Amino acid sequence: MAKLQSPPAPRRKHCIGRGASEHRERAACLLLGATAAAEADSGGCSQRSSTAMTPATLSVLLALLPLTSTLQSQGTWQQGRTPEPTEPALHRLSHYLLAHYQKGTRPVRDWRTTTNVAIDLMVYAILSVDEKNQVLTTYIWYRQHWTDEFLRWDPARFDNLTQISLPMESIWVPDILINEFVDVGKSPHVPYVYVGHHGEVQNLKPIQVMTACSLDIYSFPFDVQNCSLTFTSWLHHIRDINLSLWRQPELVKFDRSVFMNQGEWELLYVLTHFQEFSVKSSDSYAEMKFYVVIRRRPLFYAVSLLLPSIFLMVMDIVGFYLPPNSGERVSFKITLLLGYSVFLIIVSDTLPATAVGTPLIGIYFVVCMALLVISLMETILIVRLVHKQDLQPHVPAWVKHLLLERATVLLCIRDRKKFSQSRTQSSDISRQVENNDSTAKLNHYGCEDPRECEAVRGSRPAPAIAGHVEGSLLMHGVLREITAIRQFLEKREEFRDVAREWLQVGYVLDVLLFRAYLVAVLAYTITLGTLWSVWRDA
């Protein structure tokens, strides 16, 4: 009986272990408890020997060995790790930050503290430039940065988490707007902001900006536009919200890393300027200006607008080489004028329309049209001079002096002067010869002195006198006819001389007007080319 009274209670009490060996002690206690139960079940009588108890005890121990090894391995694995909470760190941090957050007030503990908002801008694309409505549409990447004193935490308490994204609607956001806004663009909605463990808040979002801009289209298509984007707080004065630049001005000025450079407009640079302004001596407000300077690519407009106009003007100049006494020049000039009118109707939709001013290219087209009209009027004048000479008087002496003497020397066409002199001399010589011949013939058949005629009649017999009188009358009739024919031929020759004179005048005047027209066109072309070159290289 003394051998059977082995108390298990002290062993179980001793087996309530703590610490890293808790599972191993628990397994040992289970083994001892099972051994004691087997001994209690095997006897209460002292007649049984210890050798009879050994097989039952061994079978129980062998059955509990796998459980002991499993518990021991679990205890060893859990000894090297810390207990994990059931809720993720992001959820716990979000709840920790937003549980008692007041988004309706400025996030400072001392109301005297100014919230400094750093802003940045990168131009992504120039979508459209509306010259008529003076509206510029751009797509920008906008960034804001400020410090929120109520969004701070210790990263060690939240699994070393240093940054988290929170809904924008759940925290305080500064009321920074663009003063030049005229319409709400189709900007994508970004509902989150990034918050750092020191309270730094970063608001990054793309914006389609439709702003009013004073567009100067005088130098179209070589124009450069300067449009401003003014960021300011609409309500808070500078003691509450101050603005600053996120990056250095030099980095912002020439940043084209995200700009889409394949459209009509080219981004030159972006200038920045900070200033304070007040309205009617009230509190001052801070504003940050971004000046977006863009330049139009003129190649498309030069090919579609300037080159066709230049070609038509060249054809008009070539038309002066047609003979001035032919009517084809007039029809050719009229055809060019009609073609240019159709060209202007076609390109009228391409030119920018504004009520402020007219672009220089519009003035260029108007002047080209005026030059074509002047060319047509000059052609009509020349044709009028060289045709219908029978209704024209002789060329005035002052016209001959100015055009056939002075202008020919100035225009280097001396051969025309010699030609005109030779033609005049030959016509005068032929007229003098004809007059002398006709006078001699008349004197041969007639008498200058009546006494001589009487003497001749008295010396001749009567029949001879009668026959001579009849022959003389017949001859006088023939001479009258010849005189009439000669007068007609002289009149026609005179008309021809007048026609030749006016033709020479028309030729010299045509050359003079052509040279003046050519000088005007060249001067106009050089002036426009110089202006556009200066604007393009500016």
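Data overview
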read-out	value
Cβ-based net charge around L372, under 10 Å, with every Lys or Arg adding one and every Asp or Glu removing one	0
The stretch 182-335 - charge dipole about Cα centre, Lys and Arg +1 at Cβ, Asp and Glu -1, debye rounded to 20	220 debye
Inverse mean reciprocal Cα-Cα distance (Kirkwood Rh) of the stretch 331-373, Å	11.3 Å
Cα lying deepest toward the dipole's positive end in the stretch 98-226, options A125, L177, W153, charges on Cβ	W153
For the stretch 317-333, 3J(HN,Hα) per residue [Karplus equation, 6.51 cos²θ - 1.76 cosθ + 1.60, θ = phi - 60°, Hz, x = Gly/Pro]	5, 5, x, 5, 7, 5, x, x, 8, 9, x, 6, 5, 5, 5, 5, 5
Separation in nanometres of the label points that stand 7 Å from Cα toward Cβ, at S257 and L322	6.4 nm
Residues of the stretch 352-377 with amide N under 14 Å of the 7 Å Cα→Cβ point at E264	352-354
Relative contact order, percent, the stretch 81-159 [alpha-carbon distance under 8 Å, six or more residues apart]	34 percent
Neighbour-limited loop hits for trypsin sites (Lys or Arg not before Pro), the stretch 152-202 (at most 11 other Cβ within 10 Å; DSSP other than H, G, I, E, B)	K186
When each of K186/K253; K400/K491; K132/K280; K132/K289; K132/K333 is checked by Cα-Cα distance, pairs over 29 Å	K132/K280; K132/K333
Cα-based shape type of the stretch 494-538, given that a ≥ b ≥ c are square roots of the gyration tensor eigenvalues and the cut on a/c is 1.5	prolate
Where Rh is the Kirkwood radius over Cα pairs, Rg/Rh for the stretch 256-394	1.30
Nearest-0.05 FRET efficiency for H198 and V373, computed from C-beta distance (R0 45 Å)	0.05
Estimated translational D of the stretch 210-315 in µm²/s (Stokes, Kirkwood radius over Cα pairs; 10 °C; 1.306 mPa s)	94 µm²/s
In sequence order, calculated HN-Hα J values of the stretch 479-484 (Karplus, 6.51, -1.76, 1.60; Hz; x Gly/Pro)	5, 5, 5, 5, 5, 5
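Read the figures in this text as sums done on the coordinates, not as results from a lab. Computed from a predicted model, the values in this text were never measured in an experiment. Cβ: placed from backbone, ideal geometry, glycine included. Neighbour counts: every protein chain shown.
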